[in-house]
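Peer 1: Quick one: the structure is below, questions incoming.
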Amino acid sequence: MDADSPKNPPHLINKVTKEIIQPMLHGSSRILTLTKGQQIAIVCEGSNNILTATGQQRNYAICGSHNTFEIEHAKLRLWLNETGCKKAVKETIRVKSTCHHSARLIQIGWQIDQDFIEQLTLCYDKLAANTLYSTGRIIGASIQADDESNKRPSFRKGQFYSGIDVEKAYTQSEQMLTMIQLFGAVLAAKYINVAKSYYFARGHLAPDGDFIDAASQDATYYYINVAPQWQSVNNGNWRALESAVRNLAASRVLTLTTYTGGFDVLKLPNSHGKDIPIYLTIDDKNNSLIPVPKYYWKVVHDPLSKTATAFVAFNNPHMNVVKAEDIFCEDVCDQLPWVTWKRRKIPSGYMFCCTVQALSDAIPYAPKLGAFPLLV
């Protein structure tokens, strides 16, 4: 793939399963393997996008001999490097039904004529400018063949956050101003300390690293797919967890479903010891928006074995102690040998683990998978 892909690669779609065909890692090479005679669609998703060799957006093809594709309608035979699109493929966003109270389900995926290949499903609360959770998949057979050369794009608002300068709200300078308004200059300087990674990062819910091709990675860069997360947590135990989940999928060749979200609102004490809830911004009607979650949580589900495990991180590096009442389930982390972390280190995000049933008992919008045994 790295040597032979065109400048603007299309998606190759399995005509039977309607899924994007992904490469696998062989040694250090990303190899895309198809069977001779296999029927596929070569698609350049996005408005006014076409395969330059044919002028068509969707192109039905057969895997031919000598590593070529036989384009049926155009009577062409193309090498992989000849299958470039007019421009980079582009994802589609769809607003669907309600998911929790007034929050709406948002799908990010790939529109191919009347077909839609779903990549992410999110539950977004417009009134609070808050995403409750994001759902995605990790394909273990291909995850080690992800496009590591892809450069990160900028985060986008899309059609959301109307009237909110969400990009400004996430800047370190704006965070400092917000904290000064809430706590005064002295405490604000303690809470926001860049040298210690004490500032709010745009914490990916479904991270780009869970996806393989560059276009799918780029499709995760929407503000509806992030929540404020202290950078010391983001780059600490949370990062270790995300890596462990991908390694688990790869080592066991599993396709895992993940659900990731925030819960409750973080409160920090002011100079009088009063706990103040933290939001990144307010609107012109003085409504608090973009809440900082007290907890980050992730469910890792193996649909084949019907097993799942929930992970919870305290999103607060300023805790002095972890209170027993804040650990809302029986902690089962010690039963999970496939995660390596310093989970009790508070600045890195103190972690505990639950059954999915216990998580859904505590968080009303967490996935209700039932009394599944742990994924160990």
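Read-outs throughout are calculated quantities, based only on the coordinates presented, and are distinct from any laboratory measurement. Keep in mind it's a predicted model, so treat the numbers as computed, not measured. Here the Cβ positions follow ideal geometry from the backbone for every residue, glycine too, while neighbour counts run over all protein chains shown.
Peer 1: Between K196 and R156, what FRET efficiency comes out of the Förster formula 1/(1 + (r/R0)^6) with R0 = 30 Å and r the beta carbon distance, rounded to 0.05?
Peer 2: Given R0 = 30 Å and the Cβ-Cβ separation, E is 0.55.
Peer 1: Further question on the same structure: Kindly express, to the nearest 10 degrees and within the range 0 to 90, the angle between helix 237-252's C-alpha long axis and the longest C-alpha principal axis of the chain.
Peer 2: Approximately 30 degrees, to the nearest ten.
Peer 1: What list of ³J(HN,Hα) values in whole Hz, one per residue of segment 110-118 in order, does the Karplus curve 6.51 cos²θ - 1.76 cosθ + 1.60 (θ = phi - 60°) give from phi, with Gly and Pro shown as x?
Peer 2: The phi angles translate into 10, 8, 10, 6, 8, 8, 9, 9, 7 Hz.
Peer 1: Count charges around D210 for me, please; just the other residues with Cβ under 9 Å from its Cβ, Lys/Arg as +1, Asp/Glu as -1.
Peer 2: Charge balance near D210 sits at -1.
Peer 1: Right, here's the next one. Which of [x] 116, 61, 35; [y] 64, 44, 33; [z] 77, 47, 39 is the computed Cα extents along the principal axes in Å for the structure on display?
Peer 2: [z]
Peer 1: Counting helices only, and only those DSSP H runs with n ≥ 4, report the 222 nm mean residue ellipticity of the chain as the sum of -39,500 (n - 2.57) divided by its residues, in deg cm²/dmol to the nearest 500.
Peer 2: -4000 deg cm²/dmol
Peer 1: If the chain between D334 and S243 were fully stretched, how many nm would it gain, using 0.36 nm times the residue separation less the Cα-Cα distance?
Peer 2: Taking D334 through S243 to full extension adds about 31.0 nm, to one decimal.
Peer 1: With an 8 Å Cα cut-off and a minimum separation of 6 or more residues, compute the relative contact order for segment 258-348 in percent.
Peer 2: Once divided by the residue count of segment 258-348, the mean separation gives 23 percent.
Peer 1: What nm distance separates the two modelled labels at V253 and N320, each placed 7 Å from Cα along Cα→Cβ?
Peer 2: With each label placed 7 Å out from Cα toward Cβ, I get 5.4 nm.
Peer 1: Moving on. Grab the other residues whose beta carbon is less than 12 angstrom from that of L280, score K and R as +1, D and E as -1, and report the net.
Peer 2: Net of charged neighbours comes to -2.
Peer 1: What do you get for the angle between helix 172-183 and the principal long axis of the chain? Use alpha-carbon atoms, 0 to 90 degrees, nearest ten.
Peer 2: 30
Peer 1: Report the extension gain between K126 and E82 in nm, rounded to one decimal, defined as 0.36 nm multiplied by the number of residues separating them, less their alpha carbon distance.
Peer 2: The span from K126 to E82 would gain 11.5 nm if fully extended.
Peer 1: Restricting attention to the chain, give the cysteines that have no other cysteine Cβ less than 4.7 angstrom from their Cβ.
Peer 2: Among the cysteines of the chain, those whose Cβ sits 4.7 Å or more from every other are C63.
Peer 1: Another question, if that's okay. Given the C-alpha centroids of segment 65-84 and segment 314-376, what is the distance between them in whole angstrom?
Peer 2: Here the answer is 50 Å between Cα centres.
Peer 1: Along the positive direction of the dipole of the chain (beta-carbon charges: Lys, Arg +1; Asp, Glu -1; about the Cα centre), which of V321, T135, P23 reaches farthest?
Peer 2: Positive-most Cα among the choices belongs to V321.
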